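Asker: Sharing a structure here in structure tokens format.
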Amino acid sequence: MAINVLAVILFAIISQTIHHPTVQLILNILIMASLGLGLFFFFATSVGVLRFPDFFTRLHAAGKGDTLSTILILLACSLFSLKSAKTLDQTTILAAIKILLIINFIFIGSPTATHALIEAGYNSEIDPWENNATRN
Amino acid sequence: MLLGIETLLLILVLILAVVSLWIRDLMSSVVVFGAYSFLMCLIWTGMGAVDVAFTEAAVGAGVSTVFFVAVLFNTTRRIQFNPLDLSAKIFSAILCIGTGYLLMLGLSDLPSWGDPQALVNTNVSKYYIESAYKQTKVPNLVTAVLADYRAFDTMFETCVVFIAVLGIFMLLKKDGREPLKETSAKANDNLIIRVASRFMVPFIQLFGLYVVAHGHYSPGGGFQGGVILGASLILVAMAFNIEFVKQLLSIKRMLLLAVIGVIIFAGWGLVPVFLGQSFLDYSAWAALLPGTGEIMARSHSMLAVEIGVAITVMCGMYGIYMSLVSDGRFDKGL
Amino acid sequence: MILKFNYVIMIILMMLGLWAMIAKKNIIKKLIGMAIFQTGIILFYISMGAKSGSNIPILDYYDRYKPIDAAQYANPLTQILMLTAIVVGVATLGLGLTLARKIYDDYKTFNEDEILQEIKNEHD
């Protein structure tokens, strides 16, 4: 919750100084960095889902990477909607804050869904993978 | 051609459709079908149909997957494969390819993709785009046409949802004389899921109400908001047990509310008849609503009608889920 | 052909759904085929109403009092028809699933051949 308040204050500061070239540069770098990191984590997630050996390890990759990368990409979207507006008014800032609320929702919902899937797998007694190569 | 990415998405959608029919496990097939619906939703956003994309994301990908899972959970997910009936499949494949070839022949008469001067984009739809805001003060043209210009259509679509719920309810209803299983009414003992859903459900319902009320200015409206409200009730039924959600909205009250939703829509349209106008002509409401002209009366009437739609659709989705998951007994959930 | 790529995909999707409804033996697979057929029809309508380079059909705050050019906004009419069709589609899908459930209760299978066999056995 505190992060949200901080983000809204940050948005207010940005909206005061949006047309300054330094602020534009910083915003550009932030957007590119978070978008690139988000895409990288998404790629890592899909590699993990394809390459890990069993149900639990695959969901480990899916749950963690998916949440983080979605949050990073949505943050980039939120900043981009602030940056690309011609005139900053209430509707633009409101759109950016709405994307922040979606981030909150995913932050709660996605790990819970992963937990529910793992629990269902555990209850239906799926055997976890064991590394037989090192044991022998 | 609108966007390069849409061509790619259409090919992906085709692959997912084939995969969803190919897999020999019903649960996986249903999950792949949910992914197919999400990709369809992306395509519709690309084509500028945001309201349809919203509906597809809520209904096609969300609720219909839940319905499939609710049926498969209590029955079976296995498919018996019989290699002997391949001849019937080949015969029907030839039949379908023949029909598809005949349809392809008619392709030359269709307008090219994204042509603004095509016949479908010029006549009545041009009139709607140019005059809807002047006549109703609703910037979302989809809501304006849905709830005002084509309200007769929407009213009967709402009735179809209500009749479908009624049909499902009557087909699955047991007469209550069967003994209930003792072990069935078991509460979900998973603390994390219960706490998280208890935290999320109020926000989902608030968002559903926002979607209903803000449908004039943003994508949304009665159908989408109703589905979101129904989905929040389904989430409660999944995270807790079915007894708990029955205390919130009992089955009898659900049917009553579904009727009330249809009555709000039809009654709101019937009032202008008594005022000397035609059925569903909202501008007559200006005489009854204080301080509104004919234009604002139409705008406010759309909100009333959307509320009726939302109530019926909410009760519809909730009732269908409850009937399917408990086989008409309303005693146990997933 | 490439200008009408959307219609080609639409026809293929519809025929896939039709083939599934005829050829598949499992009732749930038949219902999935029905839903695929339905999305094919929705794709037909929506792609017919799409205009290249157009906006979504919601008037911007600054454009509301200007004269409106119809080519700038996507066609709202086809979208309405399909919006209601999706919601009604899920209601009818629920009805189909209910009938499948009733059949499963009576015959303990989703397979069409076994159901026909059981019906034949009952009559003999």
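The values are calculated or read from the model by the stated rules, or taken from the named source; none is laboratory data. Everything quoted here is computed from the prediction, not taken from an experiment. Here the Cβ positions follow ideal geometry from the backbone for every residue, glycine too, while neighbour counts run over all protein chains shown.
Asker: Could you pull out the residue among A:66, A:89, A:127 that is among the charged types (D, E, K, R) and surrounded by 18 or more Cβ atoms within 10 Å (Cβ to Cβ)?
Answerer: A:66
Asker: Of a type in the set (Gly, Ala, Ser) and either in a loop (DSSP other than H, G, I, E, B) or closer than 30 Å to residue B:198 by Cβ (or both): which single residue out of B:284, B:297, B:258 fits that description?
Answerer: It is B:258.
Asker: List the helices (runs of 4 or more DSSP H) that sit entirely inside the stretch B:53-150 and contain at least 1 residues that are buried (at least 24 other Cβ atoms within 10 Å of the Cβ). Full working, then the answer.
Answerer: On the way: elements: B:64-74, B:86-105, B:124-136, B:141-144.
Output list reads B:64-74, B:124-136, B:141-144.
Asker: Testing residue B:127 on (1) at the interface with another protein chain (Cβ under 7 Å from one of its Cβ atoms); (2) closer than 30 Å to residue B:142 by Cβ, one condition comes back false. Which one is that?
Answerer: Single failed check for residue B:127: (1).
Asker: Among the residues of the stretch B:194-232 satisfying the criterion of being of a type in the set (S, T, N, Q) and facing another protein chain (nearest Cβ under 8 Å), which is surrounded by the fewest Cβ atoms within 10 Å (Cβ to Cβ)?
Answerer: Taking the stretch B:194-232 first, the residues of a type in the set (S, T, N, Q) are B:197, B:205, B:218, B:224, B:232.
Next, from what is left, pick out any that are facing another protein chain (nearest Cβ under 8 Å): B:197, B:218.
Working: B:197: 22, B:218: 17.
Among residues in the stretch B:194-232 that are of a type in the set (S, T, N, Q) and facing another protein chain (nearest Cβ under 8 Å), the one surrounded by the fewest Cβ atoms within 10 Å (Cβ to Cβ) is B:218.
Asker: Could I ask something else about it? May I ask you to verify whether residue C:38 is part of a helix (DSSP H, G or I), within 29 Å of residue B:19 (Cβ to Cβ), within 7 Å of another protein chain (Cβ to nearest Cβ) and out of contact with any strand residue (DSSP E or B) (no Cβ under 9 Å at 6 or more places or on another chain)? Outline the logic, then answer.
Answerer: Values: part of a helix (DSSP H, G or I): yes; within 29 Å of residue B:19 (Cβ to Cβ): yes; within 7 Å of another protein chain (Cβ to nearest Cβ): no; out of contact with any strand residue (DSSP E or B) (no Cβ under 9 Å at 6 or more places or on another chain): yes.
The answer is no for residue C:38.
Asker: Say we look at the stretch C:41-51 and pick out the residues that are surrounded by fewer than 23 Cβ atoms within 10 Å (Cβ to Cβ) and within 7 Å of chain B (Cβ to nearest Cβ); which of these is farthest from residue B:85 (Cα to Cα)? If you could, list the steps in order and put the result at the bottom.
Answerer: Step one: filter the stretch C:41-51 for residues surrounded by fewer than 23 Cβ atoms within 10 Å (Cβ to Cβ), giving C:41, C:44-45, C:48, C:51.
Now restrict to residues that are within 7 Å of chain B (Cβ to nearest Cβ): C:48, C:51.
Numbers: C:48: 39, C:51: 45 Å.
Among those that are surrounded by fewer than 23 Cβ atoms within 10 Å (Cβ to Cβ) and within 7 Å of chain B (Cβ to nearest Cβ), it is C:51.
Asker: Of everything in the stretch B:30-74 that's under 12 Å from the mean Cα position of the chain (by Cα), within 18 Å of residue C:95 (Cβ to Cβ) and not hydroxyl-bearing (Ser, Thr, Tyr), which residue is modelled with the lowest pLDDT?
Answerer: In this case the residue turns out to be B:60.
Residues are listed down the side, and each one gets a yes or a no for (1) basic (Lys, Arg); (2) surrounded by 15 or more Cβ atoms within 10 Å (Cβ to Cβ); (3) modelled with pLDDT under 85:
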site: A:18; (1), (2), (3): no, yes, yes
site: A:21; (1), (2), (3): no, no, yes
site: A:29; (1), (2), (3): no, no, no
site: A:58; (1), (2), (3): yes, yes, no
site: A:74; (1), (2), (3): no, yes, no
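Asker: Of all helices (runs of 4 or more DSSP H) completely enclosed by the stretch A:25-136, which ones contain at least 3 residues that are of a type in the set (S, T, N, Q)? Write out each step before concluding.
Answerer: Details: elements: A:55-83, A:90-123, A:132-135.
Here the list reads A:55-83, A:90-123.
Condition check ((1) surrounded by fewer than 22 Cβ atoms within 10 Å (Cβ to Cβ); (2) facing another protein chain (nearest Cβ under 7 Å); (3) aliphatic (A, V, I, L, M)) across all residues:
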site: C:19; (1), (2), (3): no, yes, no
site: C:23; (1), (2), (3): yes, yes, yes
site: C:63; (1), (2), (3): yes, no, no
site: C:69; (1), (2), (3): yes, no, no
site: C:87; (1), (2), (3): no, yes, yes
site: C:90; (1), (2), (3): no, yes, yes
site: C:98; (1), (2), (3): no, yes, no
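Asker: Further question on the same structure: Pick out the one residue from C:31, C:93, C:81, C:43 that is in a helix (DSSP H, G or I), in contact (Cβ under 8 Å) with a residue 24 or more places away in the chain and within 16 Å of residue B:140 (Cα to Cα). Spell out how you get there, then give the answer.
Answerer: Numbers: C:31 fails: within 16 Å of residue B:140 (Cα to Cα); C:93 fails: within 16 Å of residue B:140 (Cα to Cα); C:43 fails: within 16 Å of residue B:140 (Cα to Cα).
Every option except C:81 fails the conditions.
Asker: Shifting gears a bit: For the stretch C:1-17, which positions are facing chain B (nearest Cβ under 7 Å) and within 23 Å of residue B:94 (Cα to Cα)?
Answerer: C:5, C:6, C:7, C:9, C:11, C:12, C:13, C:15, C:16
Asker: Hey, does the stretch A:6-16 have a residue that's of a type in the set (Phe, Trp, Tyr), more than 14 Å from residue A:84 (Cα to Cα) and part of a helix (DSSP H, G or I)? First the steps, then the outcome.
Answerer: Our first condition is that a residue be of a type in the set (Phe, Trp, Tyr); within the stretch A:6-16, this holds for A:11.
Subset that is more than 14 Å from residue A:84 (Cα to Cα): none.
Looking through the stretch A:6-16, none of the residues is of a type in the set (Phe, Trp, Tyr), more than 14 Å from residue A:84 (Cα to Cα) and part of a helix (DSSP H, G or I).
Asker: Separate question: Among the residues of the stretch B:23-52, how many are part of a helix (DSSP H, G or I), more than 7 Å from chain C (Cβ to nearest Cβ) and either crowded, with 21+ Cβ neighbours inside 10 Å or in contact (Cβ under 8 Å) with a residue 12 or more places away in the chain (or both)?
Answerer: 14
Asker: I'd like the full set of residues that are closer than 19 Å to residue B:148 by Cα and within 12 Å of the chain's Cα centre (by Cα), limited to the stretch B:307-328. If you could, list the steps in order and put the result at the bottom.
Answerer: So in the stretch B:307-328, the residues closer than 19 Å to residue B:148 by Cα come out as B:307-313.
Within the stretch B:307-328, B:309, B:310, B:312, B:313 qualify.
Asker: For the stretch C:99-115, what are the residues that are outside any helix (DSSP H, G or I) and closer than 15 Å to residue B:71 by Cβ? So that I can check it myself, show each step before the final result.
Answerer: Just the residues of the stretch C:99-115 that are outside any helix (DSSP H, G or I), to begin with: C:108-111.
Once the filter is applied, which keeps residues that are outside any helix (DSSP H, G or I) and closer than 15 Å to residue B:71 by Cβ, the stretch C:99-115 yields C:108, C:109, C:110.
Asker: Can you tell me which of B:20, B:64, B:87 is more than 10 Å from chain C (Cβ to nearest Cβ) and out of contact with any Cys (no Cβ under 7 Å at 6 or more places or on another chain)?
Answerer: Numbers: B:20 fails: more than 10 Å from chain C (Cβ to nearest Cβ); B:64 fails: more than 10 Å from chain C (Cβ to nearest Cβ).
Checking each option against the conditions leaves just B:87.
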